[in-house]
Structures are given as C-alpha cells and as structure tokens.
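Okay, structure first, notes after.
The values are calculated or read from the model by the stated rules, or taken from the named source; none is laboratory data. Note that this is a predicted model, so its numbers are computed, not measured. Backbone-built Cβ (ideal geometry, glycine too); neighbour counts: all protein chains shown. Calculation scope for accessible area: heavy atoms of the full protein, side chains included, ligands and nucleic acids excluded. Shrake-Rupley method; radii C 1.70, N 1.55, O 1.52, S 1.80 Å.
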Amino acid sequence: NRRKKKDDNILEIPSIPNPFPELCCSPFASVLSASLLPKATSRKKQVIKVYSEDDTSRALEVPSDITARDVCQLLILKNHYIDDHSWTLFEQLTQTGLGRAIEDHELVMEVQSNWVMEEENKLYFRKNYAKYEFFKNPLSFFPDHMISFPSETDAAVSHSGVLQMFLSSSTYPEIHGFLHAKEQGKKSWKKLYFLLRRSGLYFSTKGTSKEPRHLQFFCEFSNSDMYMSLTGKKISGAPTNYGFCFKPNKSGGTRDLKQLCADDEQSRTCWMTAIRLLKYGMQLYQNYMQPYQGRSGCSPLNVTPMRSISENSLVAMDFSGHKSRIIENPTEALSVAVEEGLAWRRRGCLRLNSHGSPIAMSNMGMSIHRSQSWFHHKISREEAQRLILQHGLVDGVFLVRDSQSNPKTFVLSLSHGLKIKHFQIVPLEDDGKLFYTLDDGHTRFTDLIQLVEFYQLNKGVLPCKLKHYCARIAL
C-alpha cells in the first residue's frame, strides 16, 4: 500500500518535457523524427511546361500520376476560363512533325517518358471541338462505303448502333478502303487496300480481296500511339496532306514509324476515329460521359450535347413592348439588329460630341473587331486552315481574318462537312456610311461584330451557323 501511494504521488507531479529528444536512445523511441520518415500517402511531384497557341508557356508542379484531363482542369481554374468540356492537352513532336490529342485518361508523365531527350517536344493547351463529336454525330464520321458488318448482323444498322458495336466486346464493324502506305526504309509510297479488324490493321496483297491468305498484318495498337501528320509532304514526301502514322512508345525517330496517307479528310477521320475506339473502347465513352455524370435522364449514347456558350447567350429579342419576346423571323431579326446598331452609333456620337470627336467614333467602328477573340489580324490562308484543323473539323468552327489578296476586305474561314471554306467579307459605302456584307449587299452590317452575331443566329448564305470560334489563348 505504501508503494502504491508513493507511485500515486509521483504521477501527480507535472512532467517536464525533454529539451533534447533526439539525444535519447530509448529502445521505445526512434532517433529519426517523423518528418524525416517517408509518408505512406506522399505523391511525387514533377514540373511540366505547357504552351498555348500564342507560344506563351506556363510551368506547373503536378503529381506524377496526373491525367491530361486534370492538367486541363488546373489550367482552366488558374486562367479563369469557361469549361465547355472541349479543352484538350496536345502532344507535338517537333522533329518528326507529328501531333495528337492526348486522351483525357492518359498519364502525362507516361507521355513525356516516351520523349527523346534531344528533341524539343511540347505540350499544348487548346480547344478540340471534335474530341468526342463522333458520339454526338456519328453520321459524319462513318460513311457507308467504308464500313461493313459481320454476316450475322442485320444489314440495317443505325449509326448509333455502329457506336454500340464499336464499344461491345463480341462484335466489331469492319473499316475498309484504300490508303497510301510508306514502304519501310524507302521514300516511295504504295496504294493498298486496308482492313481494320479487332485483331489489328491489315492490307490485302491482291487487290481488294479479303481472303485470309491475301491479308498481311500491318500494325496493332497496344504498344503504339496514333499521330496526325502535321507536315507530311515536307518531311516524308506524302502524296496528300491527310497523313497519319503509328509510333511505337519507346521509339524516337522516323525509322520505326508506320506511315499512312488518306485521299481526303473524311477518309482519314474515319480511320483515326475507328482506331481510337478500337484501342480505348469503353474508356473513351467514360471520358465523354464524365461531364454528364450526376444528371438525371442520361442514358448511354443518348446524351443531349451541351449547347455552346454562343448559342446560350445570343438570342434575338424584342424589348419594345410591355413584354419581351424572342424574334424567330430572320428578316425581322436583321432589321431590328440594323436599327439597334445605328441607334448605338448615334448614341455613341452624341456622347463623343462633347469632346468634339465624332470622327473617332466611325474610326472605332472600323476597328472595333480587333478586340474580338475570333479575329486574327494578318494570317495567311494556310495558317487559318491549320488553326481550324487544330480546333477540330466540326461544323461551325470559324475565324475572321484580313484578306491577303485585297487589303480592304476580310475573310470568314469556316469548317463544314469536314472541309474548310472561305467567304469574303466585302465593305460597301452607301450614302457616306460604311457597311459589311457576305452576299453582295443584300444583307448589310455596320461592323464585323454585328455580322458575326447575326450568322451565329442565322446561317443565311453560309452552309451552317457560326458556333465555335478559334482563339489564340494566353497562359
């Protein structure tokens, strides 16, 4: 009892902390502090450099297991951009002139680990409206003359059914057609009949024969990535501008590339889309569905695509009455727009009259478009086509630029039907006032902003409405 009472008295004395715990070598205490020990949940971080269209760059410290989608989300937050699910991370191989959109689920560090140290390869942050467009509009991606189905499948297969067959594990549609192939170790190209099956890509050694004895294996995709040729004619002497190739993951030079070339953009788009679906399967559909998860009524392959910001914000309205109304008649919308534009200019001139500079107002109307993201000052026709191609050949992707042939006019470059078309915007002077027109003066606009906003609502003489503009963003 005395010993127990003595122990109780000792416990009542407050303990004095040891000022030198690292000098204690008790078998029950570690000499190393906890901060020096590796944490079980720690993630290694690395620095990556991402470029934008205007060649500005930004260095990011990211975890080693970060995906391409996460990098895009990080840049969207840091730059306060609007996330419309079209932002993409691009890989560009400078020496070989190749480029591709990195899939959202791919690890960025694994992509960079395949780079050769001597090459100045880059990661680009830009929009790609065609990334998942085949889920929304498969008709444009799989033409009937390039696709066939297994014999046990019903001949009448809808285009949404084609996508379901691509994503299933039991059946797979066959893609077939002619492609130019570069012979290994030679500069020459040979036109061959190719077939894409679940087991890989084959070509026929005898015309268009599909017999197994005439088919020769060309490439499989598990250990290689597919790239689009950005400068195919210059580097490899391709017969057309619609080249693509397969590059082994651990190869840096052009020696191991399996290069192909299509006759037109529709053919190249069909081949590359089908190979993406073959390689990644349901993972692509999960990437596409991720922004829509949590919404009610989202069923597979039946997702209503999100409307673009321009479609949400640009609606012709009439506020002259007691209640506002939407103007659905294009002719009425145009007349209201012209009247509002003229009234806006008159109000602007009155505001500037106190400073004695109404002329400055007219000069501002002639150059107000220069501040718009869709306007590109002095770029060539080829540069405009390259920008639109990078943003994706989706109907309605556009930009406005200065004309190279006529300095007083402008050009509207527009993507439609997997082709890029150019329309000249001509200035007209009537009664001392300057107007702009696309249809020889039948429809007139006081400035380019009014013209673009009108054709975002009405296609008019254009093959489609203006939906997505090409912009050179800055990081």
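Some observations on this one:
- Taking region 463-475 as the range and being under 17 Å from Arg401 (Cα atoms) and not charged (D, E, K, R) as the test, the residues that pass are Leu466, His468, Tyr469, Cys470, Ala471, Ile473.
- Those residues of region 258-271 which are surrounded by 16 or more Cβ atoms within 10 Å (Cβ to Cβ) and in contact with a strand residue (DSSP E or B) (Cβ under 8 Å, 6 or more places away or on another chain), in sequence order: Lys258, Gln259, Leu260, Cys261, Ala262, Glu265, Ser267, Arg268, Cys270, Trp271
So that you can scan it fast, the table gives a plain yes or no per residue for (1) modelled with pLDDT under 90; (2) more than 21 Å from Ile275 (Cα to Cα):
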{"site": "Gln184", "(1), (2)": "yes, yes"}
{"site": "Glu211", "(1), (2)": "no, yes"}
{"site": "Glu220", "(1), (2)": "yes, no"}
{"site": "Ser229", "(1), (2)": "no, no"}
{"site": "Gly237", "(1), (2)": "yes, yes"}
{"site": "Gln259", "(1), (2)": "no, no"}
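- Residue check: Ala101 meets all listed conditions (1) crowded, with 17+ Cβ neighbours inside 10 Å; (2) closer than 19 Å to Cys470 by Cα; (3) out of contact with any strand residue (DSSP E or B) (no Cβ under 7 Å at 6 or more places or on another chain); (4) free of Cβ contacts under 8 Å to residues at least 60 places away in the same chain but one, namely (3).
- The strands (runs of 3 or more DSSP E) found wholly in region 377-475 and carrying at least 1 residues that are of a type outside the set (Ser, Thr, Tyr), at pLDDT 95 or above and open to solvent by less than 30 Å² (accessible area, probe 1.4 Å) occupy 397-402, 410-416.
Yes/no matrix, rows are residues, columns are (1) more than 21 Å from Ser52 (Cα to Cα); (2) surrounded by 13 or more Cβ atoms within 10 Å (Cβ to Cβ); (3) outside the structural domain of Met282 (by the TED database):
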{"site": "Ile76", "(1), (2), (3)": "no, yes, yes"}
{"site": "Asn114", "(1), (2), (3)": "yes, yes, yes"}
{"site": "Glu120", "(1), (2), (3)": "no, no, yes"}
{"site": "Pro150", "(1), (2), (3)": "yes, no, no"}
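- On inspection, Lys206 qualifies as touching a helix residue (DSSP H, G or I) at 6+ places or on another chain (Cβ under 8 Å), more than 25 Å from Lys279 (Cα to Cα) and free of Cβ contacts under 8 Å to residues at least 12 places away in the same chain.
- Close pairs from region 414-431: first in the same structural domain as Phe445 (by the TED database), partner among the polar types (S, T, N, Q) and open to solvent by 50 Å² or more (accessible area, probe 1.4 Å), Cβ under 7 Å, at least 6 apart: Leu418/Gln266; Ile420/Gln385
- Residues of region 201-242 that are under 24 Å from Pro150 (Cβ atoms), open to solvent by less than 90 Å² (accessible area, probe 1.4 Å) and not in a loop (DSSP other than H, G, I, E, B): Leu201, Tyr202, Phe203, Ser204, His214, Leu215, Phe218, Cys219.
- Residue check, Arg255 open to solvent by 80 Å² or more (accessible area, probe 1.4 Å) and under 29 Å from Ser113 (Cα atoms): yes
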